[in-house]
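What follows is a short report on a single structure.
The values are calculated or read from the model by the stated rules, or taken from the named source; none is laboratory data. Being a predicted model, the structure only gives us computed values, none of them experimental. Glycine gets a Cβ as well: all are built from the backbone with ideal geometry, and neighbour counts include every protein chain shown. Side chains included, ligands, DNA and RNA excluded: accessible areas come from the protein's heavy atoms. Shrake-Rupley method; radii C 1.70, N 1.55, O 1.52, S 1.80 Å.
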Amino acid sequence: MMACCSKSICDGCSYANLIREREQKIEHKCSFCRHPRPKSEEEADRNRMKRVEANDPVALREVGKNRYKDGDYKSAFEYLSKAAKLGDIEAHNDLSTLYHKGEGVENDEKKKMYHLEEAAIG
C-alpha cells in the first residue's frame, strides 16, 4: 500500500515502474499519484495520517490493523469501524475477527456474522 494515496500496487507493476524510472533516470514516485517516495518511516506515517484525516477508508483500515498488531484493540476497533462505515470490505472482515475474539469489544456472535456477511457481499 502506498502511504501517499493509500492505493495498493502489485509487485509486477511496482517493478515495471521502477524499470521505467531507471531507464528515464527519474526520481522514484508513486505509480498512482506521482508523489515522491517517503524518505523515512516517520514521513510515511505522517502521509498515512493525512489520508486518515481525509477519511480514506483504506488508510483507516491499515492504521486499525497496525493498532491491532500493537495490542491496542480499542483503538483498532475505532479505526476499523470508521473504515467499514465508509465501505471498506476488508475492515468488515477484520471487525468480525474482533467480535469473534472479543478483543476491544465484547464477544458478539450476531455482530461477527453481520460483518462477515458484509465482507462476503462486498
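Looking at the stretch 31-47, can you tell me whether even one residue there is part of a loop (DSSP other than H, G, I, E, B) and closer than 28 Å to Ser96 by Cβ?
Step one: list which residues in the stretch 31-47 are part of a loop (DSSP other than H, G, I, E, B), which gives 31-35, 37-40.
Add one more test, that the residue is closer than 28 Å to Ser96 by Cβ, and what stays is none.
Scanning the stretch 31-47 turns up no residue that is part of a loop (DSSP other than H, G, I, E, B) and closer than 28 Å to Ser96 by Cβ.
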Out of the stretch 2-43, which residues are over 17 Å from the mean Cα position of the chain (by Cα), β-branched (Val, Ile, Thr) and either open to solvent by 70 Å² or more (accessible area, probe 1.4 Å) or under 21 Å from Ala59 (Cβ atoms) (or both)?
-> Ile26
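Take the stretch 58-77 and flag every residue that is open to solvent by less than 70 Å² (accessible area, probe 1.4 Å) and either in contact (Cβ under 8 Å) with a residue 40 or more places away in the chain or more than 16 Å from Ser6 (Cβ to Cβ) (or both).
Taking the stretch 58-77 first, the residues open to solvent by less than 70 Å² (accessible area, probe 1.4 Å) are 58-66, 68, 71-72, 75-77.
Residues satisfying the conditions are Val58, Ala59, Glu62, Tyr68, Gly71, Asp72, Ser75, Ala76, Phe77.
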Please verify whether the stretch 89-111 includes one or more residues that are of a type in the set (Ser, Thr, Tyr) and loosely packed, with under 14 Cβ neighbours inside 10 Å.
-> no
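Can you pull out every residue in the stretch 48-69 that is acidic (Asp, Glu) and not in a helix (DSSP H, G or I)?
First, the residues of the stretch 48-69 that are acidic (Asp, Glu): 53, 56, 62.
The one that is acidic (Asp, Glu) and not in a helix (DSSP H, G or I): Asp56.
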Is there a residue being free of Cβ contacts under 8 Å to residues at least 24 places away in the same chain, farther than 17 Å from Ala91 by Cα, not in a helix (DSSP H, G or I) and not charged (D, E, K, R) anywhere in the stretch 20-28?
-> yes
